[in-house]
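Encoded as C-alpha cells, the structure appears first; notes follow it.
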Amino acid sequence: EAKVFTYDPGFLSTASCRSTITYIDGEKGELLYRGYPIEQLAEQCSFLEVAYLLKKGELPKADELAKFERDVMQHTMLHDQMNHFFRGFRRDAHPMAVMVGVVGALSAFYHDVMDFSDQEHRDLSFIRLIAKMPTIVAMAYKYNIGHPFMYPRNDLGYTANFLHMMFGTPCEKYEPNPVLVRAMDVIFTLHADHEQNASTSTVRLAGSSGANPFACISAGIACLWGPAHGGANEACLRMLEEIGDVSRVGEYIKRAKDKSDPFKLMGFGHRVYKNYDPRAKLMRKICHEVLGELGLENDRLFKLAMALEKIALEDEYFVEKKLYPNVDFYSGIVQRAIGIPTSMFTCIFALARAVGWFVQWEEMITDPEYKIGRPRQLYVGSPRRDVVPMSER
Ligand code: SDX
C-alpha cells in the first residue's frame, strides 16, 4: 500500500518488507535513493552527502553536511590494537577474508555504544563504521602488498583520503588526482544501497536476532564476496582478461548460452533489472572520463568490454532473457585504471555498501513490528521412520 508507487500483486507476494530507503523499477531501469534518481545524485552530490541522505532521509544543508564530514573524519583511525589483528593473516589472504574478520572485530572495540535502542549510539556507530571502512580497506591492501599502513589524513576529503591511504607512502608526498577522486566518489555513490539484495538480506536477517550492526555487516561482507553478487566485478575483469581479444567474444557468448556449461557472462544479468542497470550506464561514463584523463582511451579491456556488450545486446538469447550489463560490468575496468588491484574491487563495493547495510539494519530494528527472521522450509525428505540398531544396518 505504498503511497506513491503501485505494485502488481505478484510483486507484493515477493516483497519481504516495506522500506522508505531505495526504490528500484527493474523494467524501467530506474533507481531512487530516498526518492532521488541515482543519475542526479551521482552528478550533483558527494558520497558523504548521499550517505547523509540515506541515513537521515533528507539531503543535508551546507552546514549539516560540513558537520557530518567533520564528524566522519574525526573517526577515521582504527583502535591501535587492531593493527595486530591484520598481522594475524597471511600476506596473501584475500582482502575480503580480512574485511570479514576486521569489520566483525569492530564489535569487540565499541562496547561503549552498543545500546542500539539509543538513537545517539546508532548515529555514532554509523559515523564510526563509514569513517573506518576506507581505513580498513586501505590497510588490507597495504598489508597484502607489504607496505606500511598509511594513517588517515583528515585534512583531505573522505575519498581523497582513501586514495591517499591506498597509494601514498611515508617516503613521498601523495596528492590524489582530483579526476580520480571524483570518479571514486561516484563509484561509492553507485554502490551505496540497492534495496533487498542478497547481502542486505543477510544483514537484515542477522540483525533481526538483535546482533550488533558490526557483526551483521561482517556477515553482509561475506555474502557480498560471492561471484554471483559483489564478487562479480572481480570475476568480470578476470573473464575479460581470459577472453583477451574481440575475436574470442563469440566463443564466450556461446558458452554463456549453453545450459550444460555453468559459465555465466560476468557483469551481465540481474535478479531485478530487466533493462539496463542505470548504474552500469553511469559506470561506463566514468570509465570514459578516467581513461581519458589517464590517456588510456584505447584501453584494451575497455574496448573489449564495449565490443562484448554490443555483441551480447544484439544476441537473441540475451534480448529474450532481458540480460543487460549490471553495475559490475564496467566497475572493474575503471577501478583497474585508477590503480586498484582486482582482488580489492569487492572491498570497494563493501566500503560503499556499508552505508546501505547500516541504514537497512536500522530501518528494521526501529520498525515496531519487526520480529526475528524465521523463514520456513517445505520438507520433501524421508517420511517418519525408526532407527535401526547398528547390528541390523
Ligand atoms: C549484483 O540484487 C542486487 O541488487 C545485487 C546488486 C547490488 O547492487 O546489490 O545489483 C549487485 O550482485 C549485480 C549482479 C552481479 N552478478 C553478476 O554479474 C554475475 C553474472 N550474473 C548472473 O549470475 C545472473 O545474472 C544473476 C545471478 C545476477 C541473476 O541470475 P538469475 O536470477 O538467474 O537471473 P534471471 O532469472 O534474470 O535469468 C534469466 C535467465 C536464466 O536462464 P533460464 O533459467 O531462464 O534458462 O538468463 C540466464 C539465467 O540462467 N542468465 C544468464 C546470465 N544471467 C542470467 N545467462 C548467461 N549469462 C548471464 N550473466
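Quick note: the coordinates plus some simple rules give every number you see, no bench work behind them. Predicted model, so just to flag it, every value in this text is computed and none were measured. Don't worry about glycine lacking a Cβ; one is built from the backbone with ideal geometry, like all the others, and counts go over all protein chains shown.
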| request: Determine if region 152-162 includes at least one residue that is assigned to a helix (DSSP H, G or I) and within 13 Å of the ligand (Cβ to nearest atom). | output: no
| task | Looking only at region 325-339, count how many residues are buried (at least 24 other Cβ atoms within 10 Å of the Cβ) and small (Gly, Ala, Ser). | result | 2
| Which of (1) assigned to a helix (DSSP H, G or I); (2) without any contact (Cβ under 8 Å) to a residue 60 or more places away in the chain is the odd one out, the single condition Val334 does not satisfy? | (2)
| said: Out of Lys259, Lys303, Lys281, I need the residue that is within 12 Å of the ligand (Cβ to nearest atom), of a type outside the set (A, V, I, L, M) and either closer than 27 Å to Gln196 by Cβ or more than 20 Å from the chain's Cα centre (by Cα) (or both). Which one? | reply: Lys259
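Residues checked against (1) within 11 Å of the ligand (Cβ to nearest atom); (2) in contact with a Gly (Cβ under 8 Å, 6 or more places away or on another chain); (3) of a type outside the set (Gly, Ala, Ser); (4) not in a helix (DSSP H, G or I):
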residue	(1), (2), (3), (4)
His229	yes, no, yes, yes
Arg238	no, no, yes, no
Leu291	no, no, yes, no
Gly295	no, no, no, yes
| request: Just give me the residues in region 262-278 being near the ligand (Cβ under 8 Å from one of its atoms) and either closer than 22 Å to Asp299 by Cβ or in contact with a strand residue (DSSP E or B) (Cβ under 6 Å, 6 or more places away or on another chain) (or both), in sequence order. | output: Leu265, Met266, Gly267, Phe268, Val272, Asp277
| For Lys310, all conditions in the list (1) touching a residue at least 60 places away in the same chain (Cβ under 8 Å); (2) among the basic types (Lys, Arg); (3) more than 11 Å from the ligand (Cβ to nearest atom); (4) assigned to a helix (DSSP H, G or I) hold save one; what is the number of the exception? | (1)
| Residue within region 244-266 that is touching a helix residue (DSSP H, G or I) at 6+ places or on another chain (Cβ under 6 Å), within 20 Å of Leu313 (Cα to Cα), of a type in the set (Phe, Trp, Tyr) and surrounded by 14 or more Cβ atoms within 10 Å (Cβ to Cβ) present | yes
| task | Confirm whether Val72 is surrounded by 15 or more Cβ atoms within 10 Å (Cβ to Cβ) and touching a Ser or Thr at 6+ places or on another chain (Cβ under 7 Å). | result | no
| Quick check: is even one residue across region 50-67 more than 26 Å from Gly231 (Cβ to Cβ), among the charged types (D, E, K, R) and part of a loop (DSSP other than H, G, I, E, B)? | yes
| request: Can you give me the number of residues within region 68-96 that are aromatic (Phe, Trp, Tyr), over 26 Å from Ile21 (Cα atoms) and either under 23 Å from the mean Cα position of the chain (by Cα) or not in a helix (DSSP H, G or I) (or both)? | output: 2
